[in-house]
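Visitor: This is the structure I have questions about; it appears just below.
The values are calculated or read from the model by the stated rules, or taken from the named source; none is laboratory data. No experiment lies behind these values; they were computed from the predicted model shown. With ideal geometry, Cβ positions are generated from the backbone for all residues, glycine too; neighbour counts draw on all protein chains shown. Note: areas computed on protein heavy atoms with side chains; ligands, DNA, RNA excluded. Shrake-Rupley method; radii C 1.70, N 1.55, O 1.52, S 1.80 Å.
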Number of protein chains: 2
Amino acid sequence: MKIVCLGSGNVATHMANAFKDNGADIIQVWSRDLSNAQALANETGSQAITDLKAVDKRADLYLIAVKDDAIEKVAKGLKDINGMVVHTSGATGMEVLQGHKNHGVFYPLQTFSKAQPIDFIHVPLCLEANSEENMSALQLIAMKLSPLIYEIDTNKREILHVAGVFACNFVNHLYQLSHQVLKKNELDFEMLRPLIMETAVKVQEALPENVQTGPAVRNDKKTLLKHEELLKRMPHLQEIYKNLSNSIKKTH
Amino acid sequence: MKIVCLGSGNVATHMANAFKDNGADIIQVWSRDLSNAQALANETGSQAITDLKAVDKRADLYLIAVKDDAIEKVAKGLKDINGMVVHTSGATGMEVLQGHKNHGVFYPLQTFSKAQPIDFIHVPLCLEANSEENMSALQLIAMKLSPLIYEIDTNKREILHVAGVFACNFVNHLYQLSHQVLKKNELDFEMLRPLIMETAVKVQEALPENVQTGPAVRNDKKTLLKHEELLKRMPHLQEIYKNLSNSIKKTH
């Protein structure tokens, strides 16, 4: 299978490498920035290009992994191709690709960072395609990377993306706020890392509403007040403490 | 080493079992409720009691693992003992134990649930004691359970506890809210579990502020508005979405 990778950021890098490791041939990497294209091209043994007109017409898959608001423009820059064009975005509809006969979405429901290698066995792949044949083709491609394959339409993909913001982006932000509390008091973030892991491990089997702990769910007023008092010099954190404690009380 | 365990909830159960597995002798389990005391006593091969007057005077360690507002009362019910009296609470000062000659705090900075076994190797133990000798004694005891030993006074322990509320209790609540979003749209929480794990794994090496992703940190206004729109029938979640997105923008 021949793949052209459009984009050279985190998602593009992880996916291009995963495809390559699973036997696909990454023939080109396109980016507006040559040095970025070149870096990923070097990793995957492919050609770096910066002009969409130079895209190879014979690829089986055109993988668009660029910023959301650039997807449509990149897709429209691909001319006279017959292979499947997919984007990888959770927040973008499939319809932005409709100029192409064969198109779909290949959304990895996972968080990627450049430094951290990721095993695609743990990456749910959410697929959408503009025909049954293209869905079957995408499924066969996806199964080379991960056993976690879901058929998800544009509406549901947007929902998954919002849910992911709560479960990943907001969660990481809370990790950061906890770090802020520790730092202000000369305590090391290292101390919290085992707790962070265990909290995630717990909901791998259980549902979160069944394993909620802490002062808010117990309605332990004394501790809640004490914590608000401890945060009085960090009013921003105090406000979030109150909001989320109230939200816990409301939903239990 | 002979231990009397006062309490029979999650923390008491995990700690009593961990001590037993590491060669200590749990001689009694006290609880107000006999059947609860009996259940843990059976697990640890010890005697169940419900009257504090029946507590064995010859134990080396009296481990108070009861609800925060019951600690002082239980401590005062222990008469004529010479062993070390410790509580396990993050939110309670050491001074509630000051009626006892030898006392301290043995706070496991971890989340416990009855169903989930836990390896104490991953449990940071935060110790405080009323004398250097008692601190040394507690350290020797703690090292049997975990290599993660910290000397932490009452003020810092309270800070750790607040930070833990952010990194564990509030995080779990966000998992729950993401589940709510999925459920309303007939999507399975299972799909998010790999993302939840990876989010926790990422900060085991990195600091959270260095790995923040998502629309808020990119200030991707289009996606932020779309997400708020998607949550309009869940006003409670919409509000939290706005609050936490603003908090991310403010801190980056």
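Visitor: How big is the gap, in Å, between the Cα center of region B:126-195 and the Cα center of region A:155-192?
Guide: Between the Cα centre of region B:126-195 and that of region A:155-192, the gap is 14 Å.
Visitor: Given N residues in chain B, what is Rg(Cα) / (2.2 N^0.38 Å)?
Guide: 1.23
Visitor: Further, regarding this structure: Can you list which of the trypsin sites (Lys or Arg not before Pro) found in region A:73-119 are DSSP loop residues with at most 11 other C-beta atoms within 10 Å?
Guide: Qualifying residues, ordered by number: A:LYS79, A:LYS114.
Visitor: Give me the net charge for the shell around A:VAL85: Cβ to Cβ below 15 angstrom, other residues only, Lys and Arg +1, Asp and Glu -1.
Guide: Neighbourhood net charge equals 0.
Visitor: Enter the mean projected area of the convex hull around the alpha-carbon atoms of region A:87-228, in nm², rounded to one decimal.
Guide: Dividing the Cα hull surface by four gives the mean projection, 11.7 nm².
Visitor: Still on this model: Using the 7 Å Cα-to-Cβ label point, sort the distances from B:ASP21 to its equivalents in the other copies shortest first and give them in nm to one decimal.
Guide: 3.2
Visitor: Mind jotting down the distance between the C-alpha centroids of region B:201-252 and region A:198-215, whole Å?
Guide: The two parts, judged by their Cα centres, are 22 Å apart.
Visitor: Another question, if that's okay. Mind running the shape call on region A:2-152? Use the C-alpha gyration tensor, a ≥ b ≥ c as the square roots of the eigenvalues: rounded below 1.5 for a/c, prolate if a/b tops b/c, oblate otherwise.
Guide: rounded
Visitor: Further, regarding this structure: Can you give the convex hull volume per residue for the Cα atoms of region A:158-250, as a whole number of Å³?
Guide: That works out to 113 Å³ per residue.
Visitor: In a GNM of chain B with a 10 Å cut-off on Cα contacts, which of B:GLU209, B:GLU133, B:GLU158 has the highest mean-square fluctuation?
Guide: Result for chain B, Cα springs under 10 Å: B:GLU209 fluctuates most.
Visitor: Please compute the contact order of chain A in relative form: average sequence separation of alpha-carbon pairs under 8 Å and at least six residues apart, divided by the residue count, as a percent.
Guide: Result for chain A is 12 percent.
Visitor: Given a 1.4 Å probe, how much area per residue of the protein assembly as shown is accessible, in Å²?
Guide: Ligands and nucleic acids excluded, the figure is 44 Å² per residue.
Visitor: Compute the signed sum of charges (Lys and Arg +1, Asp and Glu -1) over the other residues within less than 12 Å, Cβ to Cβ, of A:ILE49.
Guide: -1
Visitor: Could you work out the relative contact order of region B:158-250? I mean the mean sequence separation of Cα pairs under 8 Å and 6+ apart, divided by the number of residues, in percent.
Guide: Over region B:158-250, the number comes to 18 percent.
Visitor: Just to confirm a number: summing +1 for Lys and Arg and -1 for Asp and Glu over residues other than B:LEU148 whose beta-carbon lies under 14 angstrom from that of B:LEU148, what do you get?
Guide: -3
Visitor: I would also like to ask the following. Taking only C-alpha pairs under 8 Å that are 6+ residues apart, what is the relative contact order of region A:73-161 in percent?
Guide: That works out to 27 percent.
Visitor: Kindly compute the accessible surface that chains B and A hide from a 1.4 Å probe when together, both sides summed, and give it to the nearest 100 Å².
Guide: About 8700 Å² of accessible surface is lost on pairing.
Visitor: While we're here: Once the Cα atoms of helix A:154-164 and of chain A are each reduced to a long axis, what angle between those two axes, in degrees from 0 to 90 to the nearest 10, is obtained?
Guide: Approximately 40 degrees, to the nearest ten.
Visitor: Could I ask something else about it? Over region B:158-250, with every protein chain in place, what whole percent of the accessible area is carbon and sulfur at 1.4 Å, could you tell me?
Guide: 48 percent
Visitor: Right, next: Would you check region B:48-140 for Lys pairs whose C-alpha atoms are within less than 28 Å, ignoring same-chain pairs closer than 8 in sequence, and give me the count?
Guide: Number of lysine pairs found: 19.
Visitor: Cross-link partners among aspartates and glutamates for B:LYS232, C-alpha distance below 16 Å, same-chain residues fewer than 8 apart left out?
Guide: A:GLU158
Visitor: Enter the angle in degrees (range 0 to 90, nearest 10) between the Cα long axis of helix A:221-230 and the first principal axis of the Cα atoms of chain A, meaning the one along which they spread out most.
Guide: 70 degrees
Visitor: Something else: Pick from A:ASP56, A:ASP25, A:ASP80: which is most flexible by mean-square fluctuation in a GNM of chain A where alpha carbon atoms under 10 Å apart are linked?
Guide: Looking only at A:ASP56, A:ASP25, A:ASP80, the biggest GNM fluctuation is shown by A:ASP80.
Visitor: Per residue Cα convex hull volume for the protein assembly as shown, in cubic angstrom?
Guide: Hull volume over Cα atoms, normalised by residue count, gives 153 Å³.
Visitor: How far is helix B:235-250 tilted, in degrees, relative to the longest principal axis of the Cα atoms in chain B, given as a value from 0 to 90 rounded to the nearest 10?
Guide: For B:235-250 against chain B, the angle is about 90 degrees.
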